[in-house]
Amino acid sequence: MKVAKEWRLGSMGDTKILPGSRHRSPLKRPIWIILMVSFVSLFLVCAYIYPPNSDVACYVFSSRGCKVLTDWLPPPKRELTDEEIISRVVVRDILDTPPVESKNPKIAFMFLTPGSLPFEKLWDMFFRGNEGRFSVYIHASKEKPVHVSPYFLNREIHSSPVTWGAFSMVDAERRLLAYALKDPDNQHFVLLSDSCIPLHNFDYVYNYLMHANTSFIDCFVDPGPHGNGRYSTRMLPEVEEKDFRKGAQWFTMRRQHALLVMADSLYYSRFRDYCRPFADGKNCIADEHYLPTFFNLVDPGGIANWSITRVDWSERKWHPKSYRAQDVTEIAFSLNLWNGHMKLEVIFNGNFGQYSFSC
């Protein structure tokens, strides 16, 4: 029979025996901590999904009531309205549909004017020699224009009276877009007024817009009384104040975005009903807010957030600054060779490098 030997250290005369391994009891898990964390987590989840409907339930957990929860819990996602679901489906399909390529892409120049165009001769020189590369549409809201250029003859569309600051301005813009969209070759749409002029020759403008994969729509947050101060809570739930935007009226827009504007009825109706001068004691100007807010909601990455139309608001008035004769340093009508047609450059005091038009 074998006997287990002991391990010994040192000399034979001074021997020590190592103690055998001691039995260790299993670690006690902090069960109460696990239970407490589980309870708190379950409580928070329930409070988020089923928020308390009475102040009494809130004060059970905090003297500040329900506000202590809403301060740091993420806001619950609201259910979309039927109109929002329909709108998002239409927007998605339009944006996901590849644009139809035209063999003869054109720019639609849309003039929003009360009557005749005082700079029509200047525009005539701008268009000359570029036939087939542009279209002209005129919305004359007060009187039938008298034309001096063949490019503007018989280009008036059905027009209705337009009041400055009223929603009729937005309706006129949409009407111009609708007529311009009838021509499938129109790929870019430029909104202009009777006081607008080109700052560069046609080739520069044409190449700049046709190679741009964006729409130039002014869009920014204005926290002041003439910005978010115009917002009405009646636009809820579809338009929240955090999404409310402002921008200059003048835009250049890709065909895809023009189709979005035509397809919109949800946000159009909200601004038609609740963004009007002196509505609810606020002076909301729809043409400064509708399109910037609309595109901020449906395709914020598809717009440049600035306009290529130069407008000077430095005088801080209801209307932008008007340019006088002393503001023009040179008007050069030179017959320089520029793709076989007249070269037109209008040079103003100031740096307008990023702009193609001025109003």
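The values are calculated or read from the model by the stated rules, or taken from the named source; none is laboratory data. Keep in mind that what you see is a predicted model, and the values were worked out from it rather than measured. As a convention, Cβ positions derive from the backbone with ideal geometry for all residues, glycine included, and neighbour counts pool all protein chains shown. Heads up: the accessible areas ignore ligands, DNA and RNA and are worked out on the full protein's heavy atoms, side chains in. Shrake-Rupley method; radii C 1.70, N 1.55, O 1.52, S 1.80 Å.
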*asked:* For the full complex of protein chains and a 1.4 angstrom probe, list Met262, Met125 by accessible area with the highest value first.
replied: Met262, Met125
*Would you work out which of Pro223, Thr233, Tyr206 lies farthest towards the positive end of the dipole of region 203-249? Charges go on Cβ: Lys and Arg +1, Asp and Glu -1.*
Thr233
*asked:* Output needed: percent of Cα pairs per 10 Å distance bin for region 210-265, bins running from 0 to the one holding the longest distance.
replied: 20, 40, 34, 6
*Heavy-atom accessible area of Tyr204 with all protein chains present, probe 1.4 Å, nearest 10 Å²?*
90 Å²
_Electrostatic dipole magnitude of region 126-219 [Cβ: Lys, Arg +1; Asp, Glu -1; Cα centre; debye, to 20]_ = 160 debye
*Sequence-distant or interchain residues sharing an amide H contact under 5 Å with Arg310, placed H: which?*
Ser356, Phe357, Ser358, Cys359
*asked:* Can you report the principal axis dimensions of region 173-260 using only the alpha carbons, biggest first, rounded to whole angstrom?
replied: 44, 28, 26
*asked:* Under 5 Å between amide hydrogens, which residues at least 5 positions from Cys284 or on another chain qualify, with H placed 1.01 Å from N in the peptide plane?
replied: Arg276, Phe278, Ala279
*Please turn the phi angles of region 155-165 into ³J(HN,Hα) values with the Karplus equation 6.51 cos²θ - 1.76 cosθ + 1.60 (θ = phi - 60°), one per residue in order, whole Hz, x for glycine and proline.*
9, 6, 9, 4, 10, 10, x, 10, 10, 4, x
*Top to bottom by accessible area (1.4 Å), largest first, where do His226, His188, His211, His147 land?*
His211, His226, His147, His188
